[in-house]
Amino acid sequence: MVATQGISRHGARAGQVVRKRSSRHRARLAAALVASLAALLAPAPSSATEDAPAGGPPTVAGYFYVGGRYERVADKTVMVGQMFVQSRRPATVTQPWPVVMVHGISQTGVNFLGTPDGRPGWAQRFVEKGFAVYIVDQVGRGRSGTNPEVYGPYARFSTRALEETYTAQELYDLFPQAKLHTQWPGGPGVQGNAAFDQFFASQVPYLAGAQQTEELVDPALIALLDKIGPAVLVTHGQAGLFGWAVSDARPDLVKAHVAVEPNGPPFFDVRLRGGKDFYEKSGDGRARAYGITRVPLTFDPPVKSPEDLVVMQAKAPAAEGRIRCWLQGEPVRSLPNLARVPAVIVTAEASFRTAVDDCTTAFLAQAGARPDSLKLAEAGLRGNGHMMMLEKNSDAVADALIGWIAARPR
């Protein structure tokens, strides 16, 4: 290919020069051509150098799997519990700890790779700031493998469910902050909005068993940290559950936890219905038996069963437009392992999580963990919803997270 291009550039004279060369030189040219073709035809490695957008420094990309075991299912042997991990890092890493990004329900790691209107995503922003980044697909989902035969039933969201709370909440007005939403690309995120259509195309089935999901993803994330060493967790929505559990199990490996609108509020789910009394408790049983997770945490004094945790509801919300929090009643137990891990709860101005995130902060503070609270509106970032990593000011939101991480002790 190179020789042919050379001839076409220099015309007939160059062709004459080549014909006059010795047979030995022609052999060298042929060998070089064969080597070039071999390089072109060789299988792509699992790690490659990519050019960064806008002429920035190159990034090194790759992938691997963690966790997983062989198991006999019916008449065949399959692998279960494996988790896909995509890696990206700058040519020169300048930050001391890598960042692990974990997506929420119905999503995959695609959320962090780009925005639905075609801009680079959070992964690239963090790489540009010197971080090595690892992006996962939850076990049993996306590139980690979808297998109802192994994992059981799956569920998925409708367009309406996503519009109501993720992308077009300003049209449905189910919670007090909904009308403040302005950041979805192209206006309200409904069917026909090109950015929404791209976003909805990315949605995938997720495991219907919520506790099963935690039991599968938590050990896979621990396996990832065992492989790459201490890291910062950046979790979104549902993934906040995993962040608390992994921080509790391995506080030595979680240097910090950035919980972007983590699943909550503590103990119970709520149903949004709009109006003055905009919410109600959903169901009679505890949605998260241990407050912020469905799996056991390390409480002090120890908790032998969820019933050991006394639950009480606050008499009034902490502020207008918030719910009345469910917290621990006496005796209040602490969470000593979580207290060792710096954490921040990040909340957007126009998200349905705005009404409940303060309750998660209060639950952790009550247990001695005392996370920071990063409210985007107070940082001058207005109009964001739950899917802030996909919205118009996604880079500015990423920079706010990076600023908090950079301020942590090294």
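The values are calculated or read from the model by the stated rules, or taken from the named source; none is laboratory data. This structure is a prediction, so every number in the text was calculated from the model and none was measured. Neighbour counts run over all protein chains shown; Cβ positions are idealised from the backbone, glycine included. Note: areas computed on protein heavy atoms with side chains; ligands, DNA, RNA excluded. Shrake-Rupley method; radii C 1.70, N 1.55, O 1.52, S 1.80 Å.
The set of residues in region 110-147 that are surrounded by 24 or more Cβ atoms within 10 Å (Cβ to Cβ) and among the aliphatic types (A, V, I, L, M) comprises 123, 127, 133, 135, 136, 139. Filtered by the rule that a residue be free of Cβ contacts under 8 Å to residues at least 60 places away in the same chain and of a type outside the set (A, V, I, L, M), region 144-158 gives 146, 148, 153, 154, 156, 157, 158.
Quick check on region 255-276. Is at least one of its residues within 27 Å of residue 130 (Cβ to Cβ), among the basic types (Lys, Arg) and at pLDDT 95 or above? There is at least one residue in region 255-276 that is within 27 Å of residue 130 (Cβ to Cβ), among the basic types (Lys, Arg) and at pLDDT 95 or above.
Residue 150 meets each of the listed conditions (1) open to solvent by 60 Å² or more (accessible area, probe 1.4 Å); (2) modelled with pLDDT under 95; (3) hydrophobic (A, V, I, L, M, F, W, C); (4) on the phi < 0 side of the Ramachandran plot apart from (1). If the condition is being touching a helix residue (DSSP H, G or I) at 6+ places or on another chain (Cβ under 6 Å), of a type outside the set (Val, Ile, Thr) and open to solvent by 10 Å² or more (accessible area, probe 1.4 Å), then region 158-172 contributes 164, 170, 172.
One residue alone among 396, 377, 343 is touching a strand residue (DSSP E or B) at 6+ places or on another chain (Cβ under 9 Å), hydrophobic (A, V, I, L, M, F, W, C) and surrounded by fewer than 23 Cβ atoms within 10 Å (Cβ to Cβ), and that residue is 377.
Listed here are the residues, each with its yes/no results for (1) within 24 Å of residue 179 (Cα to Cα); (2) of a type in the set (D, E, K, R); (3) open to solvent by 20 Å² or more (accessible area, probe 1.4 Å).
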| residue | (1), (2), (3) |
| --- | --- |
| 323 | yes, no, no |
| 329 | no, no, no |
| 335 | no, no, no |
| 349 | yes, yes, yes |
| 359 | yes, no, no |
| 366 | no, no, yes |
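Might you let me know whether region 209-221 holds any residue that is modelled with pLDDT of 95 or more, closer than 23 Å to residue 336 by Cβ and β-branched (Val, Ile, Thr)? No - not one qualifying residue is present in region 209-221.
On the basis of being assigned to a strand (DSSP E or B) and in contact (Cβ under 8 Å) with a residue 60 or more places away in the chain, does residue 127 make the cut?
no
The numbered conditions (1) over 21 Å from residue 347 (Cα atoms); (2) in contact with an Asp or Glu (Cβ under 9 Å, 6 or more places away or on another chain); (3) open to solvent by 30 Å² or more (accessible area, probe 1.4 Å) are all true for residue 196 except (3). Counting only strands (runs of 3 or more DSSP E) that fall entirely inside region 189-303 and contain at least 1 residues that are more than 30 Å from residue 319 (Cβ to Cβ), the qualifying elements are 231-236, 254-260. For beta carbons closer than 8 Å, sequence separation of 6+ or different chains, a first residue in region 241-256 that is touching a residue at least 60 places away in the same chain (Cβ under 8 Å) and within 16 Å of residue 361 (Cα to Cα) and a second that is of a type in the set (Lys, Arg) and open to solvent by 10 Å² or more (accessible area, probe 1.4 Å), the qualifying pairs are 256/408. When region 324-355 is filtered for residues that are under 27 Å from the mean Cα position of the chain (by Cα), part of a loop (DSSP other than H, G, I, E, B) and among the aliphatic types (A, V, I, L, M), the ones remaining, listed by number, are 335, 341, 348, 350. Flag: residue 377 does not match the condition of being assigned to a helix (DSSP H, G or I), within 19 Å of the chain's Cα centre (by Cα) and modelled with pLDDT of 95 or more.
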